[in-house]
Structures are given as C-alpha cells and as structure tokens.
Amino acid sequence: MNPAVTAAAPDAPHPAGTGPATQAFIHLAGVSKVYRSGRKEHLAISDATFDVMPGELVALVGPSGCGKSTLLKILAGLHGHDQGTVRIGSDAHPFDPARDIGMVFQAPLLLKWRRIIDNVLLPAELLGLPMAAARARARELLALVGLTGAEDKYPYELSGGMQQRAAIARSLIHDPKLVLMDEPFGALDALTREKMNLELLRIWKESGKTIVFVTHGISEAVFLGSRVVVLTPGPARMADNFEIHLPHPRTLDMKTQEQFGVYTRRIYRLLGME
Amino acid sequence: MDLLNSKLGRYTLGVAAHLLLLLAWYLFVRLGEVPKFVMPSPGDTLAALFVADYGWWSNTLVTATEIFGGYSLALVVGVLLALLFTWSKTLEALMLPLLVTLNMIPKVALGPLIIVWFKYGVFPNSMMAFSIAVFPILLTTARGLREIEPDLLDLVRSLRGSRWQLFTKIQLPGALPYVFAGMKVAAILAVAGAIVGEFLGSDRGLGYLMLQVQVTLDTPAMFMAVILITLLGMLLYGLVMLLEHLFVVKDARVS
C-alpha cells in the first residue's frame with residue numbers, strides 16, 4: 001500500500017550504529033505528511049523522529065490536531081507519508097505489514113450481530129487463518145482480557161469497558177507483532193479508564209507485544225509508556241521523546257510520586273500549559 | 001404497575017385495548033340506534049361473512065396474491081438495485097437522484113396508466129403494490145449499505161481485507177436491519193397499493209368487492225372487507241417482524 005513503509009528483510013544491512021541486539025523495531029526519521037484538499041494544504045505531522053524497541057509500549061501524547069492519529073495511520077500502512085523514513089521490523093523481528101498489525105480504536109467497533117467470540121475472530125477470518133486453532137486462541141485471549149464467560153454474549157450485553165476488552169482481544173487474535181491503539185480508553189469513565197490502564201499493562205506484559213498507544217491524557221501517557229513521544233499542534237510536529245524510568249509493574253500510587261510529576265510537568269510545559 | 005413492566009402484562013393491555021374498541025363500537029351502534037347502512041354492529045359485520053355470493057375466500061386470495069406478489073418483487077428488485085449501487089458508485093450517483101424524484105410521484109396517480117399498459121387483473125394490481133413498495137426498501141437498504149464506520153474500514157484495510165470480505169462480513173449484515181426497516185414501511189404501502197389498484201380497475205379482489213357492495217349499500221360487507229384487508233396487512237407485517245426477530249440481533253434493529 002505504501003512503498004516507503006518497508007518490512008525489513010532478514011538479510012537487510014543494519015542501520016549505522018545499531019547492532020542486532022539493540023536494533024529498533026520501528027524506526028521513524030523526519031517523517032512528515034501533508035493533507036491536500038483542493039488547493040488547501042494542511043500539515044498533519046512533521047519532524048517525527050523516534051525509535052520503538054521490540055516489546056516496548058510507546059505513548060504518543062498531544063492535543064487534538066497534533067498529528068498523533070495520522071502517525072498511527074502511517075504506521076498501520078493506511079496513509080502514506082511525504083517525507084522521511086518509516087521502517088518497521090528488524091532482523092530479529094521481521095514484520096509483515098499485511099498480518100502483523102492489530103488495531104484498537106476509541107470506539108470498540110464490535111459487530112453488533114456477532115457474538116463476542118466471533119467478533120474476536122474477525123481478523124482471523126479476514127486473514128484466512130485456520131479457524132479451529134483461532135477459536136481456541138480467542139478463548140485464551142478472552143481469558144487474558146478478563147472476559148471468560150462472555151464468549152457467547154452479544155456486544156450490547158457488555159459494558160463499554162468490557163466491549164473495549166473484547167476489542168483488545170480482537171487486536172491480538174492473529175498474533176500481530178505490533179498493536180496500534182488510538183485513544184482506546186478515551187470514551188470510558190475515569191474510574192474504568194484507570195482500571196483499564198492497569199489491565200493493559202498486564203496484557204502488554206503477558207503478551208509481549210510492541211504497542212504504540214495514542215492518547216491526549218498526559219498522566220495516562222506517563223503511566224503506561226516505557227517511552228513517551230510528545231506531539232504539539234500548530235504546526236503539527238514532534239516536540240519531545242523520552243524514556244519513563246518508572247519500575248514495572250506500575251501501580252496507581254506511582255502517580256503520586258515525585259518522579260511521575262516531573263514527567264507530567266515536562267509534557268505540560270511542552271504543550272504550553274505551565 | 002406490574003402490567004407495564006412485564007411482557008405478558010403489556011400483551012394483556014394490548015388485547016384489552018382491542019376488545020374495548022369492539023365494545024365501544026357495539027355500544028355506540030346499539031345505544032345510538034345507528035342505522036345498519038351507516039354503521040353495522042360487530043355482529044352484523046360478522047354475519048356478512050356468511051353471504052356466499054360475495055366469494056370472500058376467493059376474493060381474499062386474489063388480494064393476498066396481489067399484495068404478496070407485488071411485495072416480493074419489490075423486495076427482490078429493491079435489494080438488488082441497492083446492492084448494485086454499492087458496487088458501482090457511478091451508477092449510484094446517476095440513479096439515486098432519479099429514484100428520489102420517481103419516489104415523489106404519487107404512485108396512485110399511475111393507476112390509470114398501469115391499467116392502460118397491463119389491462120385489468122391480478123398482474124397490474126401487483127405492479128401497483130410493487131411500484132409503491134419498492135422505494136422504501138431500495139432507499140433504506142442503500143443507506144444501510146453505505147453506513148460503515150470509517151475506523152472499521154481502517155481495521156479491515158490494515159489486515160488487507162478484500163472488497164468482497166468487507167461486503168460479506170460487514171456491509172451486508174450491517175445493512176440487514178435497514179432492509180427490515182424498509183420492509184416494514186413497504187408492507188403497509190403494498191396493501192394500500194393493491195387495494196387502490198382494485199378500486200381503479202379490477203374484476204376480482206376485496207377492493208373490487210367493496211365497490212360492488214357499495215352500490216347496494218351493504219355496509220356490513222364493506223366493513224368486513226376492510227377488516228379482511230387489515231388482517232392481510234397484519235399478516236404481512238407480522239411475517240416481516242418474525243423474520244427480523246430471527247435474523248437481526250436485538251440491539252442492531254432499526255425501529
């Protein structure tokens with residue numbers, strides 16, 4: 001779909017200065033994208049330069065219009081980009097753009113006419129995976145996301161938070177190497193959201209996936225991310241990229257620690273809110 | 001209070017309302033001493049059913065054939081055209097505005113033309129039912145097929161899902177509630193279409209019978225005809241509801 005997003009071949013040369021042990025799973029350098037409608041041009045993202053290591057959970061944070069969703073769509077291969085380099089995959093972790101992406105959106109987007117387990121199976125059907133094995137895996141994943149017993153329910157029988165858990169299970173069914181999440185908890189109430197944050201960290205640890213998580217919640221970004229990439233609007237550009245040195249497993253009471261405040265203040269400052 | 005909250009309670013209330021109407025009808029005619037040719041009592045109306053000359057059974061069968069025939073054709077043509085539109089955007093852009101205009105034609109006004117083209121009988125009356133029932137089915141189905149969440153589209157694209165997969169797994173089942181919504185509107189219209197057809201030109205059917213007994217002022221028979229037509233409509237509507245119940249998940253239904 002997008003020739004510039006290349007899946008690294010196993011025998012591809014290593015980028016300068018990176019050995020196999022430290023090679024990034026996602027490598028972005030100077031990525032920018034302009035939307036054109038008629039004669040109008042709109043800069044959707046610029047200066048995006050960051051690496052994501054295999055198994056890392058990176059949070060992209062910024063206000064609306066900063067280009068975080070655009071960046072996610074570029075990673076998903078849904079949009080092309082105008083400048084810069086996007087490389088996903090490495091020697092140790094080859095990447096197939098057709099089947100190595102799982103996606104979770106703000107709305108659960110479950111198909112109303114399908115039972116939960118059949119919703120989880122949708123990507124497996126689209127990819128033509130062996131269904132018996134996929135069905136067994138779907139049950140395991142529903143257990144992983146805490147939905148044991150809900151397999152045969154319809155989406156309307158579940159709460160918003162539970163529907164989003166099902167959507168997370170669906171994003172994992174085809175065992176993708178990369179999971180892209182676009183404000184997945186943005187529509188949930190504050191308490192459910194905190195709970196889902198903890199759940200996501202557990203699921204991330206247990207599944208070992210590389211996750212790129214888009215949010216406009218600053219404390220959510222710091223709490224979840226092993227790395228935070230800050231994007232700012234007007235013009236949309238990447239403003240910062242730093243690691244979060246908070247131990248795992250993370251607990252809610254880390255939010256009250258001084259170090260947590262240091263990180264969130266750093267982001268607030270970038271967004272001109274301090 | 002309990003009556004409102006239980007399914008059985010609501011059902012009971014619904015039946016009670018019908019029985020109350022019957023009772024009110026009976027009392028009105030009886031106490032008001034209303035002449036039979038103006039308004040017959042429920043008993044007189046029922047008695048009309050036993051006048052063998054009227055051929056109730058065969059006339060009902062004729063009207064039912066017209067309604068169900070025209071309706072079935074409308075369903076097939078309406079859904080097929082809507083499907084065609086989703087596969088060709090050009091065709092949709094070309095045809096949809098035209099169809100919206102055609103929909104504005106009062107189909108009843110086509111009656112005399114249909115008689116010119118197809119003469120009297122079951123077929124032209126079916127065409128009348130068809131012409132009036134096809135539009136709601138076509139327009140709602142086309143809308144249902146178009147309604148697809150952009151993010152869901154992204155999800156399918158990110159997995160390199162084919163156009164056919166998108167259609168069979170998401171678009172088509174997603175449009176089904178809309179098809180049924182259109183079918184319910186069309187069910188009521190199809191009955192009206194068939195009867196109007198019979199009024200305009202026919203030698204059989206309940207609408208035809210009504211015109212015949214009107215001449216002799218046999219009001220009970222006219223009442224009976226209206227009741228039978230209504231029952232035919234209810235049968236068709238009930239059938240659609242049953243199918244919807246079987247094929248559409250509760251939450252996905254479009255009221």
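The values are calculated or read from the model by the stated rules, or taken from the named source; none is laboratory data. Because the structure is a prediction, the values reported are computed rather than measured. Because the Cβ atoms are built from the backbone with ideal geometry, glycine has one as well, and the counts that use them run over all protein chains shown.
Summary table below
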item	result
Filtered residue count, region A:70-123, keeping only those that are away from every other protein chain (no Cβ under 13 Å), in a loop (DSSP other than H, G, I, E, B), in contact (Cβ under 8 Å) with a residue 60 or more places away in the chain and of a type in the set (D, E, K, R)	1
Flag for B:T45 being in a helix (DSSP H, G or I), modelled with pLDDT of 90 or more and buried (at least 18 other Cβ atoms within 10 Å of the Cβ)	yes
Candidate set from region B:135-187 (those that are touching a Phe, Trp or Tyr at 6+ places or on another chain (Cβ under 7 Å) and either aromatic (F, W, Y) or under 30 Å from B:G207 (Cα atoms) (or both)); member that is modelled with the lowest pLDDT	B:T140
Conditions (1) modelled with pLDDT of 50 or more; (2) more than 18 Å from the chain's Cα centre (by Cα); number of the one not met by A:I45	(2)
Qualifying helices (runs of 4 or more DSSP H) (wholly inside region B:107-161; at least 1 residues being under 30 Å from A:V104 (Cα atoms) and more than 14 Å from every other protein chain (Cβ to nearest Cβ))	B:122-146
Of the criteria (1) over 17 Å from the mean Cα position of the chain (by Cα); (2) surrounded by 15 or more Cβ atoms within 10 Å (Cβ to Cβ); (3) away from chain A (no Cβ under 14 Å), which one B:I229 fails	(1)
Region A:29-55 residues that are free of Cβ contacts under 8 Å to residues at least 12 places away in the same chain, paired with ones that are among the aromatic types (F, W, Y) and part of a strand (DSSP E or B) (beta carbon under 8 Å, 6 or more apart)	A:E41/A:Y35; A:H42/A:Y35
Filter result (crowded, with 18+ Cβ neighbours inside 10 Å and within 14 Å of chain B (Cβ to nearest Cβ)) within region A:139-156	A:Y154, A:P155
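Rundown of residues vs (1) crowded, with 20+ Cβ neighbours inside 10 Å; (2) over 23 Å from A:W113 (Cβ atoms); (3) under 18 Å from the mean Cα position of the chain (by Cα), yes/no style:
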{"position": "B:F118", "(1), (2), (3)": "no, yes, no"}
{"position": "B:M128", "(1), (2), (3)": "yes, yes, yes"}
{"position": "B:I137", "(1), (2), (3)": "yes, no, yes"}
{"position": "B:P173", "(1), (2), (3)": "no, no, no"}
{"position": "B:G197", "(1), (2), (3)": "yes, yes, yes"}
{"position": "B:Y208", "(1), (2), (3)": "yes, yes, no"}
